[in-house]
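What follows is a single structure, written as structure tokens, with notes after it.
The values are calculated or read from the model by the stated rules, or taken from the named source; none is laboratory data. Keep in mind that this is a model prediction, so the values were computed, not measured. Methodologically, a virtual Cβ is constructed for each residue, glycine included, from the backbone with ideal geometry; neighbour enumeration extends over all protein chains shown.
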Amino acid sequence: MIVQRWVHRSMKPGGFVAQYVVPFIASIALVTITTVLISFFLKRINFQNVGIIYLLPVFVLAVRWGFLPAMFTALISVACSAFFFYEPIYDLRAHNWDNQVDLVLFTIVAAVTSHLATRLRRQDEVDRLREALIGSVSHELRTPLASILGAASVIANASSIKNDPHLSTLANVVREEADRLNHDIQNLLDATRISSEGIRPKREWIDPADIVNVAIERRGRTLGAHKVLVKIADGIPLFQGDPVLFDQAIGQVLSNAAKYSPPHSEIAVDIRHENDQIVFAISDTGAGMTPEDQKRWGDRFYRNERLANITTGSGLGIWIAKAFLEASGGSIIASSEGLNRGTKVSVMMPVHTVPARDAEATDE
């Protein structure tokens with residue numbers, strides 16, 4: 001019974017066989033295959049530094065199973081090099097000084113390679129675990145949060161609550177904070193999707209004026225305390241992109257402009273066509289940025305330390321907007337004249353030729 005349990009545990013994915021036996025069998029197999037291939041090619045070409053080729057199985061073992069199997073692979077690779085390819089042949093001793101140096105250098109390089117590959121493997125595992133955890137928790141939060149948002153909206157609009165200034169304020173606070181939390185959760189889900197699945201944008205013809213007006217309308221509560229001025233140049237053509245992704249990207253820029261600007265200030269949206277691109281320039285008169293802020297603007301999880309204590313956020317919004325736009329062939333940049341002098345964010349989307357049928361439909 002004890003033996004059966006041990007065998008059963010050993011054969012599990014994390015058991016003794018999977019953790020120790022399989023990697024070392026794979027190591028021996030890969031080194032054997034590499035040795036055969038080297039022997040085959042040495043008959044046709046003159047190649048002295050065989051140690052470089054043996055680094056391949058070392059790297060594979062390090063990435064797949066970690067440091068110890070990789071170092072075991074390095075040791076048997078040194079033995080195979082000395083036994084099969086260095087004088088005297090079929091002898092583990094390497095008499096030639098150059099060959100001895102070659103074996104020592106190979107061992108050192110193999111150790112460093114194994115260490116770096118193992119760290120890369122562990123970091124990849126940590127990133128995948130973090131993204132899986134974020135995705136799982138975010139999905140679990142969406143259902144109760146939707147109920148909270150719905151209930152808060154109903155309560156805030158009830159006549160008995162509206163007539164009581166104190167209760168009306170509390171109900172609006174609950175609704176606004178739930179809405180903010182819902183936005184943060186959506187950012188986490190988008191970040192997880194970008195990192196793990198990638199972005200597959202749909203291609204549709206989009207009217208620049210329509211998409212911007214829709215984005216502003218959908219964020220009416222966020223932009224309500226500001227005056228949004230939209231200026232659209234004449235003859236703006238359609239462009240291709242994913243309307244959902246573009247709406248989220250433009251909406252994030254607009255939300256940031258409102259977040260970092262004083263109440264009742266102006267947010268200007270200027271849409272123009274220049275150099276085969278449609279430029280959406282969104283300017284505010286808020287906190288502005290330093291040169292260092294501009295360098296790191298759009299980095300994942302980056303938040304301005306100067307404003308972190310007075311504003312909420314995860315540091316993902318602009319990073320997500322940038323990923324959405326770049327996946328659609330566009331780009332985004334930010335500029336500022338300095339602290340408290342506002343920020344200008346420019347979104348550029350390439351202009352494509354409208355197909356004949358679409359152009360006729362548009363004219364109609």
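Out of the residues in the stretch 293-346 meeting the condition of being among the small types (Gly, Ala, Ser) and on the phi > 0 side of the Ramachandran plot, tell me which one is surrounded by the fewest Cβ atoms within 10 Å (Cβ to Cβ). Filtering the stretch 293-346 for residues that are among the small types (Gly, Ala, Ser) and on the phi > 0 side of the Ramachandran plot, the one surrounded by the fewest Cβ atoms within 10 Å (Cβ to Cβ) comes out as Gly338. Residues that are outside any loop (DSSP other than H, G, I, E, B) and touching a residue at least 60 places away in the same chain (Cβ under 8 Å) within the stretch 262-302 comprise Ile271, His273, Gln277, Ile278, Val279, Phe280, Ala281, Ile282, Ser283, listed in sequence order. Need the failing condition index for Pro144 against (1) at pLDDT 75 or above; (2) farther than 30 Å from Val174 by Cβ; (3) in a helix (DSSP H, G or I), just the number. Of the numbered conditions (1) at pLDDT 75 or above; (2) farther than 30 Å from Val174 by Cβ; (3) in a helix (DSSP H, G or I), the odd one out for Pro144 is (2). Examine the stretch 238-247 for a residue that is among the aromatic types (Phe, Trp, Tyr) and within 23 Å of Gly220 (Cα to Cα), and state whether such a residue exists. The answer is yes, given that some residue of the stretch 238-247 is among the aromatic types (Phe, Trp, Tyr) and within 23 Å of Gly220 (Cα to Cα). Just one of the numbered conditions (1) under 23 Å from the mean Cα position of the chain (by Cα); (2) aliphatic (A, V, I, L, M); (3) at pLDDT 85 or above is not true of Leu316: (3).
One line per residue, one yes/no per condition, for (1) at pLDDT below 75; (2) crowded, with 16+ Cβ neighbours inside 10 Å; (3) in the same structural domain as Leu223 (by TED's automatic domain parsing):
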residue: Asp124; (1), (2), (3): yes, no, no
residue: Ala132; (1), (2), (3): yes, no, no
residue: Ala152; (1), (2), (3): no, yes, no
residue: Ala158; (1), (2), (3): no, no, no
residue: Asn163; (1), (2), (3): no, no, no
residue: Thr169; (1), (2), (3): no, no, no
residue: His183; (1), (2), (3): yes, yes, no
residue: Asn187; (1), (2), (3): yes, yes, no
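Hey, does the stretch 31-53 have a residue that's basic (Lys, Arg) and either part of a helix (DSSP H, G or I) or at pLDDT 80 or above (or both)? No - not one qualifying residue is present in the stretch 31-53. Considering only residues in the stretch 223-247 that are more than 16 Å from Arg180 (Cβ to Cβ) and in a helix (DSSP H, G or I), the one that is nearest to the chain's Cα centre (by Cα) turns out to be Leu245.
The residue list Ala62, Ala79 contains one member that is in the same structural domain as Pro23 (by TED's automatic domain parsing) and either assigned to a loop (DSSP other than H, G, I, E, B) or buried (at least 18 other Cβ atoms within 10 Å of the Cβ) (or both), which is Ala62.
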